[in-house]
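Chemist: Got a structure here, written out as structure tokens. Questions coming.
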Amino acid sequence: MKILGLDPGFGTLGYGVIEVSGNTLRHIVHGAIFTEKDKPIQVRLKSLYDQIRNIIRNYTPNEVAIERLFFYKNVTTAIAVGEARGVALLAVVEYDLPIFEYTPHMVKKAVTGNGRATKADIQKWVALLLELKKKPKPDDAADALAIAICHAHCGNFERRFVR
């Protein structure tokens, strides 16, 4: 099974695809979608939408895990991230893929064992769990892979024990 992890953001949206076979995790791809700051909001959102659809077409995930908006100090940032997240969800729904949501705390706990882990901790553990030679960059891509790994752990539990 392939899982697409998405770390929503307006300027930078992280993505990562992993394959899960039993307890084995395999890295397929990771990266980030960047939008141009000087472009109008609708153009930036359309760019996110188109690129997420391309990722889905190219890597054919079976499920999608996305970070749930939890808390933002800056209202403007929260709105922009919410818009980017909405566009990402729309792109996923058009492919009729199941969507699973995880808070940042849940992701950190599942990947590092510490719900208060730092960005550096996430990068380190993602690299270890996926047997990568280098820590994944940018941070947004590492976070997206962490979200996919979290779902692999949590989703695997649900598939085995919750019916």
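Chemist: For the range 100-117: of the residues being of a type in the set (Lys, Arg) and surrounded by fewer than 19 Cβ atoms within 10 Å (Cβ to Cβ), which is nearest to the chain's Cα centre (by Cα)?
Modeler: Lys109
Chemist: Given the residues Ala142, Ala127, Ala120, which is the only one that is buried (at least 24 other Cβ atoms within 10 Å of the Cβ), assigned to a helix (DSSP H, G or I) and either at pLDDT 95 or above or not polar (S, T, N, Q) (or both)? Write out each step before concluding.
Modeler: Working: Ala127 fails: buried (at least 24 other Cβ atoms within 10 Å of the Cβ); Ala120 fails: buried (at least 24 other Cβ atoms within 10 Å of the Cβ).
That would be Ala142, the only listed residue that is buried (at least 24 other Cβ atoms within 10 Å of the Cβ), assigned to a helix (DSSP H, G or I) and either at pLDDT 95 or above or not polar (S, T, N, Q) (or both).
Chemist: State whether one or more residues within the range 72-83 are under 12 Å from the mean Cα position of the chain (by Cα) and not small (Gly, Ala, Ser). Steps first, answer last, please.
Modeler: Going through the range 72-83, the residues under 12 Å from the mean Cα position of the chain (by Cα) turn out to be none.
Looking for residues that are under 12 Å from the mean Cα position of the chain (by Cα) and not small (Gly, Ala, Ser), one finds none in the range 72-83, hence no.
Chemist: Among the numbered conditions (1) at pLDDT below 95; (2) crowded, with 22+ Cβ neighbours inside 10 Å; (3) not in a loop (DSSP other than H, G, I, E, B), tell me where Glu83 comes up short.
Modeler: Of everything listed in (1) at pLDDT below 95; (2) crowded, with 22+ Cβ neighbours inside 10 Å; (3) not in a loop (DSSP other than H, G, I, E, B), Glu83 misses just condition (2).
Chemist: Name the residues in the range 12-31 that are in contact with a helix residue (DSSP H, G or I) (Cβ under 9 Å, 6 or more places away or on another chain), over 29 Å from Gly82 (Cβ atoms) and surrounded by fewer than 16 Cβ atoms within 10 Å (Cβ to Cβ), would you?
Modeler: Gly22, Asn23 - these are the residues of the range 12-31 that are in contact with a helix residue (DSSP H, G or I) (Cβ under 9 Å, 6 or more places away or on another chain), over 29 Å from Gly82 (Cβ atoms) and surrounded by fewer than 16 Cβ atoms within 10 Å (Cβ to Cβ).
Chemist: Still on this structure, I have one more. Does Thr35 satisfy being more than 15 Å from the chain's Cα centre (by Cα), surrounded by 15 or more Cβ atoms within 10 Å (Cβ to Cβ), under 13 Å from Ala88 (Cβ atoms) and touching a residue at least 24 places away in the same chain (Cβ under 8 Å)? Even if it seems obvious, please write down each step before you answer.
Modeler: Numbers: more than 15 Å from the chain's Cα centre (by Cα): yes; surrounded by 15 or more Cβ atoms within 10 Å (Cβ to Cβ): yes; under 13 Å from Ala88 (Cβ atoms): yes; touching a residue at least 24 places away in the same chain (Cβ under 8 Å): yes.
Spelling it out, Thr35 is indeed more than 15 Å from the chain's Cα centre (by Cα), surrounded by 15 or more Cβ atoms within 10 Å (Cβ to Cβ), under 13 Å from Ala88 (Cβ atoms) and touching a residue at least 24 places away in the same chain (Cβ under 8 Å).
The values are calculated or read from the model by the stated rules, or taken from the named source; none is laboratory data. Every value quoted in this text rests on a predicted model; they were computed, and no experiment measured them. Every residue, glycine among them, receives a Cβ derived from its backbone with ideal geometry; neighbour counts consider all protein chains shown.
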